[in-house]
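Below you'll find the structure, written out as structure tokens, and then a few comments.
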Amino acid sequence: MWAKLTIRTSTKTELVDITTQVQEIVQRSSVRDGICYLFIPHTTAGLTLNENWDPSVREDIIRTLNKLVPQAGDYRHVEGNSPAHIKASLMGFSAMIPIRNSHLLLGTWQGIYLAEFDGPRQRNVWVHVAPLNQSP
Amino acid sequence: MWAKLTIRTSTKTELVDITTQVQEIVQRSSVRDGICYLFIPHTTAGLTLNENWDPSVREDIIRTLNKLVPQAGDYRHVEGNSPAHIKASLMGFSAMIPIRNSHLLLGTWQGIYLAEFDGPRQRNVWVHVAPLNQSP
Amino acid sequence: MWAKLTIRTSTKTELVDITTQVQEIVQRSSVRDGICYLFIPHTTAGLTLNENWDPSVREDIIRTLNKLVPQAGDYRHVEGNSPAHIKASLMGFSAMIPIRNSHLLLGTWQGIYLAEFDGPRQRNVWVHVAPLNQSP
């Protein structure tokens with residue numbers, strides 16, 4: 001079963017921490033050793049992992065992406081959100097995280113982030129937790 | 001079984017829509033709820049998802065990537081295609097898309113794209129469709 | 001079971017080839033047709049695939065990323081490694097590679113790389129090899 005997370009973003013560009021919600025799905029699954037799959041069905045928001053401690057890291061990521069792909073530019077798409085589409089492709093739309101002993105096998109400083117580039121909006125993330133296949 | 005898609009690209013840099021071919025593999029698999037895995041075995045082409053409606057979005061993505069990693073530059077690799085290698089790494093080489101009710105669980109505006117950065121060439125994409133594991 | 005690779009990086013920014021170690025895990029698994037999952041539990045190092053032949057390609061990738069996200073800049077994070085966090089997010093933290101006939105289904109020129117952006121350090125990569133699910 002694919003579980004749907006619904007996340008309300010609050011500004012134009014931000015990294016929203018969804019680690020707790022994903023971990024809750026992992027715990028409800030009662031999978032001990034497995035894989036957590038994440039997918040975001042949008043084109044102006046992506047998924048990434050990064051530091052969960054100092055929020056200035058997230059700020060630096062957003063500010064640097066906004067500098068690399070500036071809002072004002074020679075874009076053809078008339079909706080004005082081409083930079084959001086480009087930044088979402090740079091982050092990516094799917095991710096996979098190991099599960100061990102019923103917990104996401106994240107590094108000490110890793111959190112899971114929805115990378116919003118054209119908010120504020122309501123966004124969805126699909127999550128699936130699978131037990132490991134045993135090798136034959 | 002891994003299915004191989006063969007795609008003929010037609011220019012140096014472009015996003016080629018492969019959504020229909022991937023969806024056909026999903027339908028042939030008769031998997032109802034599952035996961036679609038995609039992998040591109042190249043180093044100067046990647047995979048991404050993005051808007052399937054206004055083609056100017058794809059054009060803006062390509063033009064912005066070409067601006068970020070310009071063709072002319074102080075590159076060491078003598079074949080002259082270092083920018084293509086770099087842009088492919090920015091897009092990524094593997095992706096995962098949920099399947100529900102026998103369809104790719106893409107967002108309304110999402111399409112699947114082969115990101116060609118050193119064409120025109122014949123490219124391959126490996127696709128596998130797996131049913132969901134049931135949690136114990 | 002998730003297997004842990006431990007890799008000692010030797011400089012600040014580099015692409016370290018881990019293809020051989022991953023292939024060894026694939027061979028030990030005796031999985032014939034399957035999927036190899038990779039995950040890096042760090043926030044200043046990522047995973048990518050790219051050319052395994054001419055080392056100048058890796059050098060060009062690193063030099064271009066360092067140019068796009070320069071070490072000196074208007075960053076808020078006081079540890080001084082914000083550029084490493086950003087470049088890691090651009091490369092990504094998880095990857096999936098098909099397995100066929102007991103081998104990674106890599107392209108001729110593809111190698112698997114740990115992308116170090118804040119070394120030298122000891123890094124881990126989690127690897128799991130799963131046989132293909134059979135469609136019902």
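Quick look at the numbers
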read-out	value
Separation in nanometres of the label points that stand 7 Å from Cα toward Cβ, at B:T108 and B:T6	3.9 nm
Accessible surface buried upon B-A contact (total; probe 1.4 Å; Å², nearest 100)	2800 Å²
Size of charge dipole - the protein assembly as shown - debye, nearest 20, with Cβ of Lys, Arg +1 and Asp, Glu -1, no other charges	640 debye
Cα pair distances of the protein assembly as shown binned at 20 Å [whole percent]	29, 64, 7
Those trypsin sites (Lys or Arg not before Pro) in the stretch C:49-136 that DSSP places in a loop and that have at most 15 other beta carbons within 10 Å	C:R76, C:R121
Gap separating the Cα centres of the stretch C:16-31 and the stretch C:80-136, nearest whole Å	12 Å
Between helix B:19-29 and chain B: long-axis angle, C-alpha atoms, 0 to 90°, nearest 10	30 degrees
Distance histogram for the stretch C:6-129 (every C-alpha pair counted, 10 angstrom bins, percent rounded to whole numbers)	13, 43, 31, 11, 3, 0
Apportionment of accessible area to carbon and sulfur, the stretch B:2-131, percent (1.4 Å)	48 percent
Net charge over other residues, Cβ less than 14 angstrom from the Cβ of A:R121 (K, R count +1; D, E count -1)	-1
The stretch A:2-131, dipole about Cα centre (Lys/Arg Cβ +1, Asp/Glu Cβ -1), debye to the nearest 20	280 debye
Only Lys, Arg (+1) and Asp, Glu (-1) charged, at Cβ; the stretch C:73-136 dipole about Cα centre in debye	180 debye
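The values are calculated or read from the model by the stated rules, or taken from the named source; none is laboratory data. This is a predicted model, so every value here is computed, not measured. FYI the Cβ positions are ideal-geometry reconstructions off the backbone, even for glycines, and counts take in every protein chain you see. Only protein heavy atoms, including side chains, enter the accessible area calculation; ligands, DNA and RNA are left aside. Shrake-Rupley method; radii C 1.70, N 1.55, O 1.52, S 1.80 Å.
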